1. For the residue pair Ala10 and Phe103, what label-to-label distance in nm results when each label sits 7 Å from Cα along the Cα-to-beta-carbon direction?
2. Tell me, what ³J(HN,Hα) does each residue in the stretch 42-53 have, in order and in whole Hz, if you take phi through Karplus 6.51 cos²θ - 1.76 cosθ + 1.60 with θ = phi - 60° and put x for Gly and Pro?
3. Could you work out how far helix 156-168 tilts from the main Cα principal axis of the chain, as a 0 to 90 degree angle to the nearest 10?
4. Short version: ³J(HN,Hα) in whole Hz for each residue of the stretch 126-132, in order, from phi by Karplus 6.51 cos²θ - 1.76 cosθ + 1.60 (θ = phi - 60°), x for Gly and Pro, what are they?
5. Specify the residue with the greatest mean-square fluctuation among Arg83, Arg133, Arg17, computed from a Gaussian network of the chain linking alpha-carbon atoms under 10 Å apart.
6. Let me have the 222 nm mean residue ellipticity of the chain computed from DSSP H runs of 4+ only, each contributing -39500 (n - 2.57), with the sum over all residues rounded to the nearest 500.
7. Compute the FRET efficiency between Glu30 and Ser58 as 1/(1 + (r/R0)^6), taking r as their Cβ-Cβ distance and R0 = 22 Å, and round to the nearest 0.05.
8. Nearest 0.05, what FRET efficiency do Arg119 and Arg152 give at R0 = 30 Å with Cβ-Cβ as r?
Amino acid sequence: MKDEVLYQGARWALVAREDHSRAGRSRRREVVVHPGSVVLLPLLDDGRVVLIRNERVSVGRALIELAAGTMAPNEPPLACAQRELIEETGYEARSVEPLLSFFIGPGVSDERMHAFVARGLTAVGQKLEDDERIVPFACAWDECLAMVRDGRIEDSKSIAVLLYWATYGGLRR
Ligand SMILES: [Mg+2]
């Protein structure tokens, strides 16, 4: 497997990767080689979830999401999760525990996303990066799940993690 770098971005690279068709012909696929990322499920003591309204350049409007971010070079997932939680939601957590990890879009990229649940939250203030336009808000579980159900939450990682926690987590009803 040989990669040719077509474009080296600030955080990921677009490469052409050699592959073989079922008939054995060699062909090139374009792949985004990604350092990996994290997503957070921040739970307030009253059980509400901290979501964000995230102005997305890619889709041209704001999406309702869970806080998330890309790992810096050599940054462990847990450290990245703790950093992104503060930056995007303005909360610091007493505990940040791993939940699951998954490939976010394997048709395009090798990006593996690590999900964490954050509890024991204290407000310390957002530290947004220059290019981020993010507004956090607290949301009751019933409303989170209603937004997944009726399509107001359109972000795949947020849908996956909310439903995962609702199904397997410690959610009390
Ligand atoms: Mg960020």
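Laboratory data are not the source of any read-out in this text; all were calculated from the coordinates shown. Note that the structure is a prediction, hence the values are computed from the model and not measured. Cβ placement follows ideal geometry from the backbone for every residue including glycine, while neighbour counts extend to all protein chains displayed.
1. Rounded to a tenth, the inter-label distance reads 2.8 nm.
2. These are the phi-based 3J(HN,Hα) values: x, 10, 6, 4, 7, x, 6, 9, 8, 9, 10, 9 Hz.
3. For helix 156-168, the angle is close to 50 degrees.
4. With the stated coefficients, the stretch 126-132 comes to 5, 10, 5, 6, 3, 9, 9 Hz.
5. Result: Arg17 has the largest fluctuation of those listed.
6. -5500 deg cm²/dmol
7. It comes to 0.80.
8. The calculated FRET efficiency here is 0.75.
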